[in-house]
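Presented below is the structure to which this report refers.
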């Protein structure tokens, strides 16, 4: 591989001080999270009915996450010992990598848990503010909730990375592999499990309540309403917050690994300084989010994003010219590195790469907002198709997803390509430039997380208001508007999350190539073996790997969507049973058994998350040990390409369907209760697992597979080529991985054959004429 030879990285006094400063900024970000949290909790809580509903949601969310963490602890323990067994320079690195795997997993869990715990307290405060104070105070409460999670994400990500650099210095990149893997693995499980929970409850509630019974979405007579609102928090708050944290951590890890190879100690410090600037500009973005009279809420939030992004771009450029030397020759003199013919001004290359990442984030925000926002043509067109039935709603939503995926992928691909070109002929510098584009994107993460959390908080607030019956028509309209804004902000953050996955995966792919090159040098392969690996473009194994990588994305998506379908089916049967067997539910005199539905989706989601997780971890093992390093390289490329398109397609299709439903509910095309409304409900039901389960889970999937590949690269090389080749053992490992994957899929498929209510369910009852409940929801 053409590039910069690896060198021992020794942090000088000045650079060591800068890393300490970054750690202090991380602590300051955590302090800001505490302050924003206090601001949220100081807001009014509303009526007793609102409090009772919110308390029921809190209990359900806490119970689910506690059970989920107990399940995931088993996977974390296994991964800890596997990492100890994988090759490393010395046992200190092995132990550090395993310990910081747990730290990364713990931080990811903490972001998810604390984000969720605040969101379930903020929902009734947003509802109360909308009812008594108006739209702007309600928006501020919701956005401050998101800001708390955003600063927690930034603070823990920076703190973990800076502590690793301080403790391990030249070995920090190897230890950071464990930190990133822990964050990504746990986030993937939380994203899949939470996504299955939230959409199973949501789909089940809609199919029985809105479609069959003709009652409102959050009507307390529907036994799935509490589970639906719990799902918003465990999926969109806890799951997505953990996902965005791992995006932050893994992108940072990729930049630090390549930076240490490209620029020595400065390359290890510079990628920490850029996100540290982002932590400061995120605070500015939060305070710049000031609603204006008559302005659409999305415009307000977007303006805060653009302003904070612009400040970050200017500050990063200034930092680059202050901190980095003016030529690569200075790195040779200072670091003693062989620059491999690198040319150009490092300051210009670094600052341009960072700005590319920031511009890419802005471009994705604009594109996603256009394709999923209620005020733009794509969603309006989907809404119009509701006049001709659910089939045309489905078709138009699919078209929006397909089209938007192409343009978003072009933006991401263009950013990657331009950043890569900045490095000139030196591949390692080029890959580092791609990683720096990711760091540029990280400067926006604080605001992005705030935008994401705003979505489920506003959704839950509307649910609390509707179930309580204590909100005025004006307050209800405000909450409907904020919910529609939240749908779009959630879609935007999913688009930006997949962009971080592509940038991080590209950089990790470069690290994988470097690891393979180093392992080949140690393995001393024969000329024939080396020749077969050198001309990868002519190796049919690469094409096979590409196809397998793309196939895993499709299989993973199918497993996640099918899991939602099975769990939602169980919810439908249970809710129908309660309507049939519990007297007085429709009259408001009988109390539904909310806890039974929560228990159903809890058990199903925890069971169903295992199969996609096994596929993500073991598929690279099967390909790498079974087909070799060339095929594994193709596998990663196929997964990145297919995953990017699939994730954007799923997220934007679902977002368009959801907001098309909002348009009809606002009185367009016949309004609530019309055939057009029913058509958009069906579209939204199809889109639910698209946008909130399978789509966002592809983001951590890509990074998990890249990190697993990076971790096993040297072992794959040592077993497949050279003097220590052991074909028998590597084939056994590959076959064992395939067997576990096949068994998990088989067991998952068997569950779908027992989805039945024993034929006891009669035909769905006719919709009732009066959708208004006569009794508010008691504590569940």
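Given the criterion under 14 Å from the mean Cα position of the chain (by Cα), crowded, with 24+ Cβ neighbours inside 10 Å, at pLDDT below 85 and within 21 Å of residue 684 (Cα to Cα), identify the matching residue among 493, 500.
493
Could you say whether any residue in segment 665-685 is in contact (Cβ under 8 Å) with a residue 12 or more places away in the chain and within 24 Å of residue 611 (Cβ to Cβ)?
Yes, segment 665-685 contains at least one residue that is in contact (Cβ under 8 Å) with a residue 12 or more places away in the chain and within 24 Å of residue 611 (Cβ to Cβ).
Select from segment 363-383 the residues that are surrounded by fewer than 19 Cβ atoms within 10 Å (Cβ to Cβ) and part of a helix (DSSP H, G or I) and write down the one among them that is modelled with the lowest pLDDT.
366
So residue 592 passes all but one of these: (1) assigned to a helix (DSSP H, G or I); (2) crowded, with 19+ Cβ neighbours inside 10 Å. Which condition number does it fail?
Result: residue 592 fails condition (1) only.
May I ask you to verify whether residue 163 is within 30 Å of residue 31 (Cβ to Cβ) and either in contact with a strand residue (DSSP E or B) (Cβ under 9 Å, 6 or more places away or on another chain) or assigned to a helix (DSSP H, G or I) (or both)?
Yes, satisfied.
Only one of these conditions is not met by residue 353: (1) modelled with pLDDT of 90 or more; (2) surrounded by fewer than 23 Cβ atoms within 10 Å (Cβ to Cβ). Which number is it?
For residue 353, the failing item is (2).
Among (1) surrounded by fewer than 24 Cβ atoms within 10 Å (Cβ to Cβ); (2) under 22 Å from residue 280 (Cα atoms), where does residue 473 come up short?
Exception for residue 473: condition (2).
Within segment 119-126, identify whether any single residue is in a helix (DSSP H, G or I), within 28 Å of residue 276 (Cβ to Cβ) and modelled with pLDDT under 90, and answer yes or no.
yes
Can you confirm whether residue 569 is surrounded by fewer than 24 Cβ atoms within 10 Å (Cβ to Cβ) and over 19 Å from residue 737 (Cα atoms)?
Yes.
Could you list, in sequence order, all residues of segment 413-429 that are assigned to a helix (DSSP H, G or I) and modelled with pLDDT of 85 or more?
413, 414, 415, 416, 417, 418, 419, 420, 421 - these are the residues of segment 413-429 that are assigned to a helix (DSSP H, G or I) and modelled with pLDDT of 85 or more.
So for segment 748-769 (the condition being in a helix (DSSP H, G or I), at pLDDT 85 or above and farther than 29 Å from residue 62 by Cα), does at least one residue qualify?
No, the conditions are met nowhere in segment 748-769.
Quick check: anything in segment 227-250 outside any helix (DSSP H, G or I) and either without any contact (Cβ under 8 Å) to a residue 24 or more places away in the chain or surrounded by 23 or more Cβ atoms within 10 Å (Cβ to Cβ) (or both)?
Scanning segment 227-250, I find no residue that is outside any helix (DSSP H, G or I) and either without any contact (Cβ under 8 Å) to a residue 24 or more places away in the chain or surrounded by 23 or more Cβ atoms within 10 Å (Cβ to Cβ) (or both), so the answer is no.
Just to be sure I understand, how many residues within segment 699-730 are in a helix (DSSP H, G or I), over 30 Å from residue 493 (Cα atoms) and touching a helix residue (DSSP H, G or I) at 6+ places or on another chain (Cβ under 7 Å)?
10
Mind listing just one residue for me: the one in segment 266-315 that is in contact (Cβ under 8 Å) with a residue 24 or more places away in the chain and part of a loop (DSSP other than H, G, I, E, B) and, of those, surrounded by the fewest Cβ atoms within 10 Å (Cβ to Cβ)?
The extreme case among them is 296.
Considering 33, 54, which residue is at pLDDT 90 or above and in a helix (DSSP H, G or I)?
33
The values are calculated or read from the model by the stated rules, or taken from the named source; none is laboratory data. All values reported here derive from a predicted model rather than from experimental measurement. Don't worry about glycine lacking a Cβ; one is built from the backbone with ideal geometry, like all the others, and counts go over all protein chains shown.
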